[in-house]
Amino acid sequence: MTLDDLVARAASLVRPGRRALLGIAGAPGSGKTTLAERLVQRLGAAGDFGVAHVPMDGFHLADAELDRLGRRDRKGAPDTFDAAGYAALLRRLREDEDDLVYAPGFERVLEQPLAGAVPVPRSARLVVTEGNYLLLREAAWARAREQLDEVWFCELEDAERVRRLVARHQEFGKDHETAMAWVLGPDQRNAELVAATRDRADLVVPVMR
């Protein structure tokens, strides 16, 4: 399966008169964002239709709210996101009634969501969204899945996935020991939860090193 194959499959979701939504799921560090960015770049360069990238990470709860809820020590778990808000945004994008929709983004240096950071114009006929929990069956996550035409699952061998995650945490300020503890603790628990949703995907995408 090549990138060309994936680009063609994503493009095939677009139909006249309706906006298409493609989800990309996978464990932390599996390459979801990289795949989404490559798809958007290739499809945008082709110029056949507009395309937008809307990450799920913009729906992280702010640290202040995680502190209030007592969930800061497991940031990134399903209940540390505004899943209902994410589902509502996807529904709004699917309904395609607005000339411009603003989605939240996520600032990795601050590790905080940023409101109104991602503009999605009416010309975007394909929206690519990615995140860990697109295939969960619980409550609002299931409502989010209902808005998506397809969900693909990024799969990467664990050793490489862990290496990438540790490097990412270090890049954004954690020392090696702290990064390893987080990757093998909260991140690993989340990865195991996500792995259990693999069989619900429309397509499994093996990610190469």
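The numbers here are math on the coordinates, done by the rules we state, and not lab data. Since the structure is predicted, the reported quantities are computational estimates derived from the model, not experimental observations. Note: ideal-geometry Cβ built from the backbone for every residue, glycine included; neighbour counts use all protein chains shown.
Per-residue 3J(HN,Hα) values for segment 79-90, derived from phi via the Karplus relation 6.51 cos²θ - 1.76 cosθ + 1.60 with θ = phi - 60°, read 7, 10, 10, 8, 5, 5, x, 5, 4, 5, 5, 4 Hz in sequence order (x marks Gly and Pro).
The angle between the Cα long axis of helix 3-12 and the longest principal axis of the Cα atoms of the chain comes to about 50 degrees, rounded to the nearest 10.
In order along segment 14-23, phi translates into HN-Hα couplings of 7, 10, x, x, 8, 8, 9, 10, 10, x Hz, rounded to whole numbers, per the Karplus curve 6.51 cos²θ - 1.76 cosθ + 1.60 with θ = phi - 60° and x for Gly and Pro. Computed about the Cα centre, the dipole magnitude for the chain is approximately 260 debye when only Lys and Arg (+1) and Asp and Glu (-1) carry charge, each at its Cβ. The value of relative contact order for the chain, using C-alpha pairs under 8 Å at least six residues apart, is 32 percent. By the Cα gyration tensor, segment 3-206 has an equivalent ellipsoid whose semi-axes, rounded to whole angstrom, run 27, 19, 16 from largest to smallest.
One Cα centroid belongs to segment 9-60, the other to segment 154-209; the line between them spans 20 Å. Neighbours of residue 134 by Cβ distance under 15 Å: Lys/Arg scored +1, Asp/Glu scored -1, total -2.
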